[in-house]
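The values are calculated or read from the model by the stated rules, or taken from the named source; none is laboratory data. None of these values were measured; they are calculated from a predicted model. Heads up, the Cβs are rebuilt from the backbone with ideal geometry, glycines too, and the neighbour counts pull from every protein chain shown.
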């Protein structure tokens with residue numbers, strides 16, 4: 001079973017890996033976006049880690065709801081509302097149970113990903129974070145490690161796609177050949193989930 | 001790359017502190033990043049709140065004041081502000097007559113303003129929203145995020161601002177803002193990429209002998225790259241791109257806008273060419289504004305925006321305005 005502490009570890013691990021990878025995310029964002037994805041997410045997840053340390057919510061749902069709200073309040077851009085909604089809606093779907101099992105987490109995360117698709121209007125194949133999150137949730141039923149592998153594969157698979165959402169979409173065909181920064185940061189989030197599970 | 005900054009993390013806050021010192025007629029909340037005209041809320045007046053990433057100065061903070069915006073929310077460089085800022089701004093300027101959010105069509109701005117509208121309405125503030133999407137360089141289709149909002153933002157903020165100043169109700173101010181957007185088109189070119197403080201090097205690689213046609217205002221590349229052209233050729237290309245998309249029957253407002261690193265000498269020369277093309281194409285010009293208004297940090301280049309106006313829109317354009325970035329008649 002996964003308790004609030006597991007979810008705090010997930011968020012802390014995400015903050016650490018976003019810190020490590022911020023420069024790479026920004027570099028990926030520079031040919032097709034506006035070169036700020038890394039610094040924006042870094043600011044947001046640092047705030048998440050600091051808030052969780054201070055407030056220490058007692059349920060898995062409360063951890064994710066608080067993290068999501070913090071991202072919306074600090075990140076800005078498209079990443080703030082999209083990642084914020086992902087975590088908030090996943091947390092909301094978990095309800096106020098003190099512990100959840102992996103099956104419940106998978107279902108809740110699917111609800112979160114659906115909410116992101118609805119908010120951003122993106123579908124798989126549009127060269128966005130959805131291309132990472134959808135296969136990751138599908139594989140999560142199997143194991144955390146499988147979700148991580150599927151996420152990384154999903155992020156890499158955005159390279160040949162033409163962007164249809166977000167700032168990269170304004171480049172049309174010129175967005176082809178670049179890995180999507182949002183899909184890449186989503187892979188970090190899923191990798192941190194597997195790290196929190198010790199896999 | 002040398003920049004006149006301390007560290008990238010404090011660039012926006014430092015600029016706001018400096019703005020506060022230079023403009024005592026504004027209330028600048030540095031911590032929460034909201035710029036409000038000092039006399040807000042003005043009784044009976046609709047509030048106008050705009051915002052977006054920093055790096056486009058004087059947009060938007062420079063357009064706060066009598067006759068234009070009531071408040072502005074600057075985000076991080078090229079990053080939309082967050083809903084908390086917008087809700088705070090709306091609360092500061094709402095006199096009970098409601099607030100109009102002016103939103104440029106970029107995914108981040110749209111999402112954050114949508115969230116803010118919901119939150120502000122929960123607090124009992126009546127909110128209307130208008131989307132600016134004037135950039136003809138982007139194909140508008142179901143499969144993209146739609147056209148970008150660029151230079152027309154200035155026309156919209158000025159004209160809607162004048163209407164609000166006259167005490168018109170929210171529905172009317174919103175309708176006028178929509179009318180300005182529907183009648184405006186823009187096209188931009190970049191002669192160099194820009195440098196964000198966070199990255200410290202140019203956001204894309206543009207060789208000396210080339211230019212980007214159809215750029216937005218965030219240092220992202222444009223729709224195509226060509227060998228460097230003359231001012232005359234760029235004016236032909238830009239104005240024709242706009243006129244392929246609109247056929248003005250009325251006179252137009254012209255904005256020849258610098259991207260930040262192109263001197264006025266070049267902008268005025270470019271304007272001469274823009275005016276020549278408009279004359280050749282039989283488009284009468286009502287007013288022209290030349291300068292750096294909707295910038296992209298240190299990008300070299302310019303954009304052209306045309307807005308077709310009737311008598312009422314022209315009168316509202318001419319109405320007095322007193323802001324840091326735009327000032328006439330008072």
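Condition first: surrounded by fewer than 21 Cβ atoms within 10 Å (Cβ to Cβ) and within 12 Å of chain B (Cβ to nearest Cβ). Can you find one or more residues in the range A:179-191 that meet it?
Checked the range A:179-191: no residue is surrounded by fewer than 21 Cβ atoms within 10 Å (Cβ to Cβ) and within 12 Å of chain B (Cβ to nearest Cβ).
Please specify each residue of the range A:34-49 satisfying the condition of being part of a helix (DSSP H, G or I) and either in contact (Cβ under 8 Å) with a residue 60 or more places away in the chain or within 10 Å of another protein chain (Cβ to nearest Cβ) (or both).
A:37, A:38, A:39, A:40, A:41, A:42, A:43, A:44
Being more than 14 Å from every other protein chain (Cβ to nearest Cβ) and in contact with a helix residue (DSSP H, G or I) (Cβ under 9 Å, 6 or more places away or on another chain) is the filter here; which residues of the range B:179-190 pass it?
B:179, B:180, B:181, B:183, B:184, B:185, B:189
Could you list, in sequence order, all residues of the range B:123-147 that are out of contact with any strand residue (DSSP E or B) (no Cβ under 9 Å at 6 or more places or on another chain) and modelled with pLDDT of 95 or more?
B:123, B:124
Please enumerate the residues belonging to the range B:223-240 that are in contact with a helix residue (DSSP H, G or I) (Cβ under 8 Å, 6 or more places away or on another chain) and either at the interface with chain A (Cβ under 9 Å from one of its Cβ atoms) or assigned to a helix (DSSP H, G or I) (or both).
Matches in the range B:223-240: B:223, B:231, B:232, B:234, B:235, B:236, B:238, B:239, B:240.
Quick one: which of A:31, A:57 is over 28 Å from residue A:5 (Cβ atoms), surrounded by fewer than 24 Cβ atoms within 10 Å (Cβ to Cβ) and either at the interface with another protein chain (Cβ under 7 Å from one of its Cβ atoms) or free of Cβ contacts under 8 Å to residues at least 60 places away in the same chain (or both)?
Result of the check over A:31, A:57: A:31.
For the range B:22-40, check the following and say yes or no: at least one residue is modelled with pLDDT under 95 and either within 14 Å of chain A (Cβ to nearest Cβ) or part of a strand (DSSP E or B) (or both).
The answer is no, given that none of the residues of the range B:22-40 is modelled with pLDDT under 95 and either within 14 Å of chain A (Cβ to nearest Cβ) or part of a strand (DSSP E or B) (or both).
Anything in the range A:151-167 that is at the interface with chain B (Cβ under 8 Å from one of its Cβ atoms) and part of a helix (DSSP H, G or I)? List them, or say none.
Answer for the range A:151-167, where residues must be at the interface with chain B (Cβ under 8 Å from one of its Cβ atoms) and part of a helix (DSSP H, G or I): just A:167.
Exactly one of (1) part of a loop (DSSP other than H, G, I, E, B); (2) away from chain A (no Cβ under 14 Å); (3) in contact (Cβ under 8 Å) with a residue 12 or more places away in the chain is unmet by residue B:205. Its number?
Against the list (1) part of a loop (DSSP other than H, G, I, E, B); (2) away from chain A (no Cβ under 14 Å); (3) in contact (Cβ under 8 Å) with a residue 12 or more places away in the chain, residue B:205 comes up short only on (2).
From the list B:188, B:151, B:167, B:214, which residue is in contact (Cβ under 8 Å) with a residue 24 or more places away in the chain and surrounded by fewer than 20 Cβ atoms within 10 Å (Cβ to Cβ)?
B:167
Of the residues in the range A:137-149, how many are surrounded by fewer than 22 Cβ atoms within 10 Å (Cβ to Cβ) and either in a helix (DSSP H, G or I) or at pLDDT 95 or above (or both)?
Result for the range A:137-149: 8.
Quick check on my filter: what residues within the range B:76-88 are over 15 Å from residue B:114 (Cβ atoms) and either more than 9 Å from every other protein chain (Cβ to nearest Cβ) or within 15 Å of the chain's Cα centre (by Cα) (or both)?
Listed by number, the residues that qualify are B:77, B:78, B:79, B:88.
If you take the residues of the range A:88-104 that are touching a residue at least 40 places away in the same chain (Cβ under 8 Å) and farther than 17 Å from residue A:58 by Cβ, which of them is surrounded by the most Cβ atoms within 10 Å (Cβ to Cβ)?
A:102
Which of the residues that make up the range B:304-330 are surrounded by 21 or more Cβ atoms within 10 Å (Cβ to Cβ) and part of a strand (DSSP E or B)?
Residues satisfying the conditions are B:304, B:305, B:306, B:307, B:308, B:321.
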